[in-house]
Amino acid sequence: MHQILILSGKGGTGKTTVASTFIALSQAKAYADCDVDAPNLHLVMGSFTKEQASDYFGLPKAMIDSDLCTACSRCFAVCRFDAVIPGPTYRIDPIACEGCTYCLHVCPVGAISTKPVKVGELKLYERGEERFSTATLTMGSGTTGKLVSEVKKQLRDNTQETEVAILDGSPGIGCPVIASLAGVDLALMVAEPSVSAFSDLKRVISSARQLQVPVAVVVNKYDMNPTICGEIEVFCFKEGIPFLGKIPYDGQVIAALNKGENPACLNSPASNALKSIYSKTLQVWKEHVRQ
Ligand code: SF4
Ligand code: SF4
């Protein structure tokens, strides 16, 4: 399954706008939202005929049986994550606990056990031949990257052979972005023309290059700061990165997204720019797939 990933160095740059437009224009049979901390692609993809949810478990967490605990404090002494809360009744903070089991081994009375904790939910939506994989992380658990990998695996496992899948990536530059990038054929970076977004863009491009993922760049709301947009274009030219277009600020696209409508349905400045960028992205992707 060939994959085009839409990424941005930070949240709120219009990544989902680009992804949802590409999905509509390509009539993709397979797509995913890898932004498991704040998924929102489903808001513009309409209704589905089938929805399947499955629990996602993170690291096991320690638990203390207060009937057995003698309050000896050995667990408190060894926990490097400050997860043991001492007191008349010893407790464990499930958010701080890393499930290392050190406490379990030092407890003299066997009062500590571990159990897997649900930290998220995977969702698979179906509509005809379309498959849409997404997930929500319900608790900050340090497993965001693993859940992103599960979202992609769920899509692969439930999709027939398809020419291209569109992935809405995770924002930022951390572990979930690395998981989003793994194994894709092209990463289209969506940047805004600001100093901080430009800096984040450079870092996420660096991550993609380390993973040998080809990249291309577009600038969203370019007219908010044409000077920085120009600097991004120059940067791409110098780095040999395809610069595929500039999307103007467009209230019609924002209004459509707020109503849950796909920007691909519009005939507006930003929507038309997105359609042109989609064609260019396909060209760049096909060149890389052919290589
Ligand atoms: S399992 Fe590890 S992190 Fe969790 S409470 Fe025990 S020692 Fe601390
Ligand atoms: S080590 Fe065991 S007995 Fe001691 S405080 Fe912790 S849970 Fe209670």
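The values are calculated or read from the model by the stated rules, or taken from the named source; none is laboratory data. If you're wondering where the values come from, they're calculated on a predicted model, not measured in any experiment. Cβ placement follows ideal geometry from the backbone for every residue including glycine, while neighbour counts extend to all protein chains displayed. Remember, those area values only see protein heavy atoms, side chains included, never the ligands or the DNA or RNA. Shrake-Rupley method; radii C 1.70, N 1.55, O 1.52, S 1.80 Å.
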**Complete:** Taking the chain and counting helices only, DSSP H stretches of n ≥ 4 at -39,500 (n - 2.57) each over all residues, the nearest-500 ellipticity at 222 nm comes to -11000 deg cm²/dmol
**Message:** Given Cβ point charges of +1 (Lys, Arg) and -1 (Asp, Glu) and nothing else, what value in debye, to the nearest 20, does the dipole of the stretch 75-176 about its Cα centre take?
**Reply:** 400 debye
**Message:** I'd like the carbon and sulfur percentage of the solvent accessible area for the chain, probe radius 1.4 Å, heavy atoms only, ligands and nucleic acids excluded.
**Reply:** 51 percent
**Placed amide H near residue 57: partners under 5 Å, 5+ positions off or other chain** = 119
**Request:** With a point put 7 Å past each Cα toward its Cβ, work out how far residue 38 is from residue 85 in nm, to one decimal.
**Result:** 2.8 nm
**Prompt:** Taking 0.36 nm per intervening residue step and subtracting the Cα-Cα distance, what contour gain separates residue 203 from residue 288 on full extension?
**Reply:** 28.4 nm
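Restricting to bridges with both residues inside the chain, how much of the DSSP beta-bridge set is antiparallel, in percent to the nearest 5?
Roughly 50 percent of the DSSP beta bridges within the chain come out antiparallel.
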**Message:** Taking amide H atoms as placed 1.01 Å from N in the peptide plane, list the residues 5 or more away in sequence, or in a different chain, whose amide H sits under 5 Å from that of residue 247.
**Reply:** 219, 220, 221, 222
**Prompt:** Once you charge only the Cβ atoms, +1 for Lys and Arg and -1 for Asp and Glu, what is the size of the charge dipole of the chain about its Cα centre, to the nearest 20 debye?
**Reply:** 320 debye
**Request:** Taking Cβ-Cβ under 4.7 Å as the only way to count a partner, pick out the unpartnered cysteines of the chain.
**Result:** 34, 69, 72, 79, 97, 100, 107, 175, 229, 236, 265
**Fill in**
If each K or R counts +1 and each D or E counts -1, the residues other than residue 16 whose Cβ falls under 10 Å of its Cβ total -2
**Message:** Treating only the Cβ of Lys, Arg, Asp and Glu as charged (+1, +1, -1, -1), what charge dipole size does the stretch 5-55 show about its Cα centre? Round to the nearest 20 debye.
**Reply:** 240 debye
**Prompt:** Stretch residue 77-residue 65 to full length: gain in nm at 0.36 nm per residue minus the Cα-Cα span?
**Reply:** 2.5 nm
**Item:** Calculated from backbone phi, Karplus (6.51, -1.76, 1.60) coupling profile of the stretch 229-236 in Hz, x at Gly/Pro
**Value:** 4, x, 5, 5, 4, 5, 4, 4
**Message:** At 7 Å along Cα-to-Cβ for each site, give me the label-to-label distance between residue 196 and residue 2 in nm.
**Reply:** 3.7 nm
**Prompt:** Which one of 79, 108, 145 is farthest out on the positive end of the charge dipole of the stretch 42-170, using unit charges on Cβ (Lys, Arg +1; Asp, Glu -1) and the Cα centre as origin?
**Reply:** 108
**Message:** Using a probe radius of 1.4 Å on heavy atoms only, what accessible surface per residue do you get for the stretch 61-205? Whole Å² is fine.
**Reply:** 47 Å²
**Message:** Quick check: Cα centre of the stretch 112-126 to Cα centre of the stretch 180-210, how many Å?
**Reply:** 30 Å
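State whether the chain is rounded, prolate or oblate according to the following rule on the C-alpha gyration tensor (a ≥ b ≥ c being the square roots of its eigenvalues): a/c under 1.5 gives rounded; otherwise a/b larger than b/c gives prolate, and the remaining case gives oblate.
prolate
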**Prompt:** Once Lys and Arg get +1 and Asp and Glu get -1 on their Cβ, which of 212, 170, 59 lies farthest toward the positive end of the dipole of the chain?
**Reply:** 212
**Complete:** Between residue 163 and residue 267, the FRET efficiency computed from the C-beta separation at R0 = 35 Å comes out, to the nearest 0.05, as 0.85
